[in-house]
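The values are calculated or read from the model by the stated rules, or taken from the named source; none is laboratory data. Not measured: the values here are computed from a predicted model. Every residue, glycine among them, receives a Cβ derived from its backbone with ideal geometry; neighbour counts consider all protein chains shown. For accessibility, only protein heavy atoms count, side chains too; no ligands or nucleic acids. Shrake-Rupley method; radii C 1.70, N 1.55, O 1.52, S 1.80 Å.
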Amino acid sequence: MKIKLLLIILILFLSAGSALAKVVSRPLSYTHDGVALEGYLAYDDAVSGKAPGILVVHEWWGLNDYARGRAEKLAQMGYVAFALDMYGKGKSTEHPDQAAAWMKEVNSNMDAWLKRATAGLDVLKKQPQVDTGRIAAIGYCFGGATVQVLAYGGADLKGVVSFHGSLIPPSAKQAGMTRAKILICHGATDPMNTPEAMTTYVNAMNASSIDWQMIAYGGTRHSFTNPDADKRGMAALAYSPSADRRSWQHMTYFFDEVLSGM
């Protein structure tokens, strides 16, 4: 009888601990090249020990609630996620012209682009919850291109996932520096990546020794993971619930492999 009572108490105690576990999130300020930046950290405080870290890179709109939400979703899966800031503290917009201008300020110089992304990666690595031997990165639109740039720059990443990002074919030098495995989640009818760009990209990747794969989702346009895509007034953009769901699952399988620690 006493043993049964002790078991009941233990079960209640463990249940209470699980109920108290929650995703902890907060803004994190940092600087790069004199620019004040503010990213967003999310992790599950119920995870004991160090966990894999995932860098999240926003769309060309800037660090907004969508990118923060993706970081929180990763935290619910047991990862430590950090959504970096590529533009500057508070810089997010819903206007394409402004988004394009901010993006151009960053990606017009490949070296500066890489360094800005690396600054965010360094913030993630410094978090005490992170297993620095198991780090990956994901990015959306402009962020998808950014994680490719990180990989080609030799960043110590196990893998990167680009969701509807511009396709950047690596040079021979960049391919030789790449350590990360690469997953491209692509909308098959994305007008922002022409068939010619696709061919150039595939040929460059096949000529390299990079471990890469591309999954194309039929009838799917740009920004297919973002539920607000249809509200932007741009014909090239369209949310696809099925492609959003499937691409996240494909990312999950990919991370199960590259972050397994084996």
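Here are some notes:
- Odd one out for residue 231, checked against (1) free of Cβ contacts under 8 Å to residues at least 12 places away in the same chain; (2) closer than 18 Å to residue 166 by Cα; (3) loosely packed, with under 14 Cβ neighbours inside 10 Å: (2)
- Neighbours by Cβ (under 6 Å, 6+ apart or cross-chain): first from region 139-157, within 11 Å of residue 223 (Cβ to Cβ) and touching a residue at least 40 places away in the same chain (Cβ under 8 Å); second assigned to a strand (DSSP E or B) and among the polar types (S, T, N, Q): 144/162
- Among the criteria (1) at negative phi; (2) at pLDDT 95 or above, the one residue 88 does not fulfil is (1).
- Taken as a whole, region 197-206 holds no residue that is within 23 Å of residue 109 (Cβ to Cβ), in contact with a Cys (Cβ under 9 Å, 6 or more places away or on another chain) and open to solvent by 10 Å² or more (accessible area, probe 1.4 Å).
- Within region 191-205, residues that are farther than 20 Å from residue 219 by Cβ have Cβ atoms under 8 Å from residues that are open to solvent by 40 Å² or more (accessible area, probe 1.4 Å) and part of a helix (DSSP H, G or I) in no pair, counting only partners at least 6 apart in sequence or on another chain.
- Some residue of region 198-208 being part of a loop (DSSP other than H, G, I, E, B) and closer than 24 Å to residue 113 by Cβ: yes
- Single residue of region 1-26 satisfying the filter (open to solvent by less than 80 Å² (accessible area, probe 1.4 Å) and part of a strand (DSSP E or B)) that is modelled with the lowest pLDDT: 23
- Residue count, region 236-262 (criterion: at pLDDT 95 or above and loosely packed, with under 14 Cβ neighbours inside 10 Å): 8
- Counting only residues that are touching a residue at least 60 places away in the same chain (Cβ under 8 Å) and either in a helix (DSSP H, G or I) or hydrophobic (A, V, I, L, M, F, W, C) (or both), region 209-228 holds 1 of them.
- Once region 199-251 is narrowed to residues that are hydroxyl-bearing (Ser, Thr, Tyr) and in contact with an Asp or Glu (Cβ under 6 Å, 6 or more places away or on another chain), the residue that is farthest from residue 74 (Cα to Cα) is 239.
- Whichever residue in region 165-204 is of a type in the set (Lys, Arg) and within 20 Å of the chain's Cα centre (by Cα) and, among such residues, is nearest to residue 121 (Cα to Cα): 179
- Pairs linking a residue in region 35-46 that is within 9 Å of residue 88 (Cα to Cα) to a residue that is part of a strand (DSSP E or B) and of a type in the set (Phe, Trp, Tyr), with Cβ atoms under 7 Å and 6 or more positions apart or on different chains, are 37/30.
- Yes/no for residue 46 being open to solvent by less than 40 Å² (accessible area, probe 1.4 Å) and in contact with a Gly (Cβ under 8 Å, 6 or more places away or on another chain): no
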